[in-house]
Amino acid sequence: SDQLLPQCWLVVRVDGRGFHKFSERHEFAKPNEPRCIRLMTLAARRVLMEHRSILLAYGQSDEYSFVLHKDTNAFNRRASKLASLIGSLFTSAFVFNWSICFPDRRLLYPPAFDARAVAYPSVRTLRDYLSWRQADCHINNLYNTAFWSLVLRGGLSANQAQERLKGTLAADKNELLFSQFGINYNNEPEVYRKGSLLVRASLLDSQVDAVAEEASVGDNVPDVGEASVEEVSEIAAKVAKAEAESASTLLHIDIIKDKFWTENPRILPLDSQ
Ligand code: GTP
Ligand code: MG
């Protein structure tokens with residue numbers, strides 16, 4: 001069978017299929033589309049509500065990683081069950097909530113997300129995995145911020161911008177952004193630089209600065225029949241806000257350094273190997 005090793009932390013990562021094209025067809029803002037980020041987080045929240053053995057989720061770009069407790073026996077720890085169920089629920093929640101996040105933009109074709117399940121034998125290796133995803137977020141966002149500044153504000157073609165950035169280090173891109181466009185990269189929104197962390201609220205100890213979402217909507221949306229888009233948003237917002245926020249807390253913070261983990265030791269026990 002495809003049962004994942006016992007006593008290992010399990011991660012299911014979903015990733016949008018062909019989102020380069022999807023983002024073009026749906027005219028996403030470059031480099032970051034806040035409505036898509038919100039939609040991804042709504043879908044992830046739905047997954048956390050449904051699958052109680054998930055402790056936290058980390059998302060950036062078109063991906064979300066869900067971390068399941070090492071002791072979980074959910075679906076007999078079968079990789080195919082976990083990946084297919086989480087992947088399909090994420091996808092359906094993404095579609096289900098589309099019109100709430102993009103009220104004036106039609107979904108042009110059905111998106112898909114691939115999903116894979118991987119086992120990590122220790123907190124250390126699990127944290128390395130999460131650090132890798134956040135480092136990826138940082139590297140891509142810095143590159144994309146520089147790239148789209150050169151194209152949209154600097155008047156360069158895509159090829160010219162690519163050439164300009166070839167071989168540059170992080171410090172060079174920071175300097176370019178500052179000197180040429182007056183952008184201090186460190187002042188860019190944390191949601192773009194750090195990605196999104198959803199933590200089961202009951203596991204948090206420290207007074208973290210949870211992100212106040214103006215209207216966290218989409219879960220348990222009632223049957224709204226022929227209601228207008230505005231009405232749908234309003235009803236859904238009321239129903240979903242309390243429930244969704246009680247389940248998980250949204251943070252845009254550093255998860256590479258120890259600070260967050262040591263301040264919240266109940267999420268990933270520090271002594272377990
Ligand atoms: P596969 O995952 O291999 O199917 O390809 P993909 O096209 O989805 O590429 P990948 O998952 O590696 O990267 C995600 C892509 O989605 C990025 O390269 C961007 O093109 C696009 N994308 C994700 N988020 C945003 C966004 O907020 N704005 C814009 N404009 N594009 C985005
Ligand atoms: Mg993708």
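When the residues of segment 116-139 are filtered to those that are under 20 Å from Arg38 (Cα atoms) and surrounded by 15 or more Cβ atoms within 10 Å (Cβ to Cβ), which remaining residue is nearest to ligand 1 (Cβ to nearest atom)?
Cys137
Of the conditions (1) of a type in the set (D, E, K, R); (2) within 16 Å of ligand 2 (Cβ to nearest atom); (3) in contact (Cβ under 8 Å) with a residue 12 or more places away in the chain, Glu50 fails just one. Which one is it?
Glu50 satisfies every listed condition except (2).
Would you kindly identify the helices (runs of 4 or more DSSP H) lying entirely within segment 8-97 that contain at least 3 residues that are crowded, with 23+ Cβ neighbours inside 10 Å? Steps first, answer last, please.
On the way: elements: 19-25, 34-50, 79-96.
In segment 8-97, 34-50, 79-96 are the helices (runs of 4 or more DSSP H) which contain 3 or more residues that are crowded, with 23+ Cβ neighbours inside 10 Å.
Looking only at residues that are part of a helix (DSSP H, G or I) and touching a residue at least 40 places away in the same chain (Cβ under 8 Å) in segment 184-202, which one is surrounded by the fewest Cβ atoms within 10 Å (Cβ to Cβ)?
Ala201
Looking only at residues that are more than 16 Å from the chain's Cα centre (by Cα) and over 18 Å from Asn140 (Cβ atoms) in segment 9-42, which one is farthest from ligand 1 (Cβ to nearest atom)?
Taking the candidates together, the pick is Trp9.
Which residue out of Ser84, Ser92, Ser61, Ser88 is among the polar types (S, T, N, Q), touching a residue at least 60 places away in the same chain (Cβ under 8 Å) and out of contact with any strand residue (DSSP E or B) (no Cβ under 6 Å at 6 or more places or on another chain)?
Checking each option against the conditions leaves just Ser61.
Kindly evaluate Thr72 against the criterion of being in contact with a Ser or Thr (Cβ under 9 Å, 6 or more places away or on another chain) and of a type in the set (S, T, N, Q).
On the way: in contact with a Ser or Thr (Cβ under 9 Å, 6 or more places away or on another chain): yes; of a type in the set (S, T, N, Q): yes.
Against the criterion (in contact with a Ser or Thr (Cβ under 9 Å, 6 or more places away or on another chain) and of a type in the set (S, T, N, Q)), Thr72 qualifies.
Mind listing just one residue for me: the one in segment 132-183 that is in a loop (DSSP other than H, G, I, E, B) and free of Cβ contacts under 8 Å to residues at least 24 places away in the same chain and, of those, nearest to Val211 (Cα to Cα)?
Gly182
What residue, of Ala146, Ala115, Ala161, Ala170, is hydrophobic (A, V, I, L, M, F, W, C) and within 27 Å of Leu268 (Cα to Cα)? Spell out the reasoning first.
On the way: Ala146 fails: within 27 Å of Leu268 (Cα to Cα); Ala161 fails: within 27 Å of Leu268 (Cα to Cα); Ala170 fails: within 27 Å of Leu268 (Cα to Cα).
The unique qualifying residue is Ala115.
Checking Asp2 against (1) more than 14 Å from ligand 1 (Cβ to nearest atom); (2) in contact with a His (Cβ under 9 Å, 6 or more places away or on another chain), which single condition isn't satisfied?
Result: Asp2 fails condition (2) only.
Read-outs: derived from the displayed coordinates by stated rules, not from any lab. All values reported here derive from a predicted model rather than from experimental measurement. Every residue, glycine as well, gets a Cβ built from its backbone with ideal geometry; the counts of neighbours run over all protein chains shown.
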